[in-house]
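*Asks:* Quick one: structure below, then a few questions.
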Amino acid sequence: MPISEKLELGLLGLIVFQCFFFALFLTTQIKKEKRSNLFLALLLTVLGIHMLFNLLSAIIPFEADSKLLIGLSALYGPFIYLHIRALQLRKFPLNRKVIFHFLLAPVAIILSNFGWEPLELSMRILVLVQVYVYLILSLTSIKRYQKIITYTQSQYQRINLNWAFYMICFWILIAFVDLAGNIFSSYSLLSYDWAFTILLVAIFIFVNTLFFKGLVQPKLFLGISTNDEEIFKQENERYKDSTFTEQDILSTSNAIEKCLEYSRVYLEPELSLEQFSALLNKPPRLISQTINTTYKTNFSDFINEQRIEEAKKLLKETNGLNVSEILYEVGFNSKSAFYEHFKKKTGLTPNQFKKEQK
């Protein structure tokens, strides 16, 4: 057996082991607030079974049922999409509607078994289209989520799911390579081996990244609420259906000013709009509308502006604190976020600002 084939088999075996091992581990981490782990575990299980069929067919006289593989392929898109949605939402609704996402899998298996080749080919194409549709839905969902958290979370850089966005793009590339390999091999232009090797490397990277990032994300952030989504919708519509009066806005603005002056709540790194509204004992939508109409900004930028003002005071003082200590002191938990907001507010980096005070 050539060394290249041995390496492929070794990588294939490693992927199978990792898929089942990670899936088993995730089953111990499934809690009500971490339903994303359930969908990730199921995704890895399906991928592990698929890769196991490939491994067995390569080392023993075994031929996997192509109809079953079509059905398995129809599960990838829904599991990826549901995993992403469950990462985003604080309370993911696990109800009967979820089942509809998986209806294509049994339908594809049943219709493919009719023995009519054009029908089986149609099912393959339909499954491929479905995968791309779910991947595009996942990308759209991530972009919308990223907009929402900028309105409702004071620290959103660590929870913006950028890694997931890039991994979905990576999965689209995997699907494209698989499609290209099948087209070239069907017309005898190129062997499918080159595509299979690329796929194995890509899947190995995908599995490890998805597992580690997907597992850590729920610890960082429980997700957005339906209230957050409604606030984002209202801000986009400029509060045209708002029932709050000018007096409500004025009294809330005064309450915000007093809260910032006496409690300095903005120093709390993980401060969210819901936490801030609970402190003021006012509806989150009213807080959001007040900040937007009075200060012409959103909640996140408003809180970070208070942090930058606090940082400027500390940088002017000879308190022995360096820039890295100050950024944590004022409520930031990311150096890049601190530098970004500081330069946006002052036009200078923190170090440049500090030098100017001497």
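*Asks:* Could you say whether any residue in the range 143-150 is among the aromatic types (F, W, Y) and at pLDDT 85 or above?
*Replies:* yes
*Asks:* Within the range 97-109, identify whether any single residue is among the aromatic types (F, W, Y), more than 15 Å from the chain's Cα centre (by Cα) and under 27 Å from N37 (Cβ atoms), and answer yes or no.
*Replies:* Among the residues of the range 97-109, at least one is among the aromatic types (F, W, Y), more than 15 Å from the chain's Cα centre (by Cα) and under 27 Å from N37 (Cβ atoms), which makes the answer yes.
Residues checked against (1) touching an Asp or Glu at 6+ places or on another chain (Cβ under 9 Å); (2) surrounded by fewer than 21 Cβ atoms within 10 Å (Cβ to Cβ); (3) not polar (S, T, N, Q):
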| residue | (1), (2), (3) |
| --- | --- |
| Q130 | no, yes, no |
| K143 | no, yes, yes |
| Y151 | yes, no, yes |
| S154 | yes, no, no |
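*Asks:* Just to be sure I understand, how many residues within the range 325-344 are in a helix (DSSP H, G or I) and surrounded by 17 or more Cβ atoms within 10 Å (Cβ to Cβ)?
*Replies:* Count: 6.
*Asks:* Of all residues in the range 70-124 being among the polar types (S, T, N, Q) and in a helix (DSSP H, G or I), which is farthest from I168 (Cα to Cα)? Steps first, please.
*Replies:* First pass over the range 70-124, keeping only residues among the polar types (S, T, N, Q): 73, 88, 95, 112-113, 122.
Keeping just the survivors that are in a helix (DSSP H, G or I) gives 73, 88, 112, 122.
On the way: S73: 16, Q88: 15, S112: 28, S122: 25 Å.
Selected residue: S112.
*Asks:* Determine which member of the set L38, L44, L26 is out of contact with any Asp or Glu (no Cβ under 6 Å at 6 or more places or on another chain), under 30 Å from T150 (Cβ atoms) and either outside the structural domain of V201 (by TED's automatic domain parsing) or crowded, with 22+ Cβ neighbours inside 10 Å (or both).
*Replies:* None of the other options fit; the residue is L26.
*Asks:* Within the range 152-180, track down each residue that is more than 19 Å from S336 (Cβ to Cβ) and in contact with a Ser or Thr (Cβ under 7 Å, 6 or more places away or on another chain).
*Replies:* Matches in the range 152-180: T152, M167, I168.
*Asks:* Restricting the range 300-324 to residues that are assigned to a loop (DSSP other than H, G, I, E, B) and closer than 18 Å to Q352 by Cβ, which is farthest from the chain's Cα centre (by Cα)?
*Replies:* T318
*Asks:* Could I ask something else about it? Taking I136 as the residue in question, decide whether it is buried (at least 16 other Cβ atoms within 10 Å of the Cβ) and not acidic (D, E). Walk me through how you get there before you give the answer.
*Replies:* Values: buried (at least 16 other Cβ atoms within 10 Å of the Cβ): no; not acidic (D, E): yes.
So I136 fails the test.
*Asks:* Next question. Residue check: is S334 outside the structural domain of Q157 (by TED's automatic domain parsing) and in contact (Cβ under 8 Å) with a residue 24 or more places away in the chain?
*Replies:* Yes; evaluated as a whole, the condition is true for this residue.
The values are calculated or read from the model by the stated rules, or taken from the named source; none is laboratory data. Owing to the predicted nature of the structure, the values given are computational and were not obtained by experimental measurement. Cβ atoms come from the backbone with ideal geometry, glycine included; neighbour counts cover every protein chain shown.
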